[in-house]
Amino acid sequence: LAALVAERATAQGTLEASEQERTRLEALQRQDNASARAVQAAEAAAVRDRWLVQSASDRIALGWGQALAERHDLPTLLEALTAQTREIVRIDVPAGEPLPDPTRPARLVTLADEARSGSAEWLGWAPTTDPRLQGRGVLYLTADNRLGLTVDSAVDAWLPVSGEPLSGVQAPRSAVLRYAAHYWVYVQTAPTVFERIALTTLHPMPDGWLVPSGLTADARVVTKGAQVLLSEELKAQVRLGD
């Protein structure tokens, strides 16, 4: 992207110079101080340079999407991307799944630290298709890089879609654990008894997770020390196995 933007900027500067030269020669020709051949050569150079600008713009659009190619602040954005203070994130929606609402942000979670999340604004449709998923690719732009994303970082994304509103119980983020490819919470069922409950569906919220089913509003959910309970449970299973 940086190379294409630089190429387009160079081509744009060359185009401006060639158009000024054409204008100058046309003025001289009207004064009989320039030949028709010189004017035609200047016009051909301006046409060539205009196509070079268009070619660079087209390659930005084909590689990164039309919305990015048409951004007026692209050079400034590129500086932030190069410094990794902002990131472009590609999300691939599997085939058959509803497409996201462009007016609402996505919520991102890194695989390295699922306890933290960040948001990203809609940037545009990706111009290519992932050959494995065959779904629709979407590009989002982060306002900062609080998640510490780098090139090829993998993320999970929750995308807003149009439809009926959801209802459920909001669980604090600190209460939700990930273990064995599933999400869990611990619920207190007696003064010294805690039960691990599997959460089959989660929806991200700014301060936690919306749990449509599996939890009730009066459930006593462990919000501090849930990881300790999981460790003790696993230790007990190992001792029983021995």
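The values are calculated or read from the model by the stated rules, or taken from the named source; none is laboratory data. The structure presented is a predicted model; accordingly, all values stated were derived computationally and were not measured. Reconstructed Cβ throughout: ideal geometry from the backbone, glycine too, with neighbour counts over all protein chains shown. SASA here: full protein model, heavy atoms, side chains in, ligands and nucleic acids out. Shrake-Rupley method; radii C 1.70, N 1.55, O 1.52, S 1.80 Å.
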Is at least one residue of segment 69-76 under 23 Å from residue 90 (Cα atoms), free of Cβ contacts under 8 Å to residues at least 12 places away in the same chain, touching a helix residue (DSSP H, G or I) at 6+ places or on another chain (Cβ under 9 Å) and not aromatic (Phe, Trp, Tyr)? yes
For segment 161-199, the count of residues that are among the β-branched types (Val, Ile, Thr) and out of contact with any strand residue (DSSP E or B) (no Cβ under 8 Å at 6 or more places or on another chain) equals 3
State yes or no: is residue 124 small (Gly, Ala, Ser) and closer than 20 Å to residue 2 by Cβ? yes
Of the residues in segment 185-215, those that are under 26 Å from residue 158 (Cβ atoms) and either open to solvent by 80 Å² or more (accessible area, probe 1.4 Å) or of a type in the set (D, E, K, R) (or both) number 4
Go through segment 78-102 and count every residue that is under 14 Å from the mean Cα position of the chain (by Cα) and free of Cβ contacts under 8 Å to residues at least 60 places away in the same chain. 5
Residue that is nearest to residue 227 (Cα to Cα) [pool: residues in segment 171-184 that are touching a Leu at 6+ places or on another chain (Cβ under 9 Å) and loosely packed, with under 15 Cβ neighbours inside 10 Å]: 179
Going through 54, 12, 29, 20 one at a time, which residue ends up being part of a helix (DSSP H, G or I) and either loosely packed, with under 13 Cβ neighbours inside 10 Å or in contact with a Pro (Cβ under 8 Å, 6 or more places away or on another chain) (or both)? 20
Only one of 106, 143 is closer than 12 Å to residue 204 by Cβ, in contact (Cβ under 8 Å) with a residue 12 or more places away in the chain and not hydroxyl-bearing (Ser, Thr, Tyr); which? 106
Of all residues in segment 127-156, which are buried (at least 19 other Cβ atoms within 10 Å of the Cβ) and either of a type in the set (Gly, Ala, Ser) or assigned to a strand (DSSP E or B) (or both)? 138, 139, 140, 141, 142, 155
Could you tell me whether segment 64-72 includes any residue that is open to solvent by 30 Å² or more (accessible area, probe 1.4 Å) and either more than 36 Å from the chain's Cα centre (by Cα) or more than 24 Å from residue 145 (Cα to Cα) (or both)? no
Under 6 Å between Cβ atoms, at least 6 apart or on separate chains: pull out the pairs that start in segment 186-205 with a residue that is outside any loop (DSSP other than H, G, I, E, B) and end on any residue that is surrounded by fewer than 15 Cβ atoms within 10 Å (Cβ to Cβ) and of a type in the set (Phe, Trp, Tyr). none
Condition check for residue 242: at pLDDT below 90, touching a helix residue (DSSP H, G or I) at 6+ places or on another chain (Cβ under 9 Å) and open to solvent by 80 Å² or more (accessible area, probe 1.4 Å): no
Count - residues of segment 73-106 that are open to solvent by less than 50 Å² (accessible area, probe 1.4 Å) and of a type in the set (D, E, K, R): 3
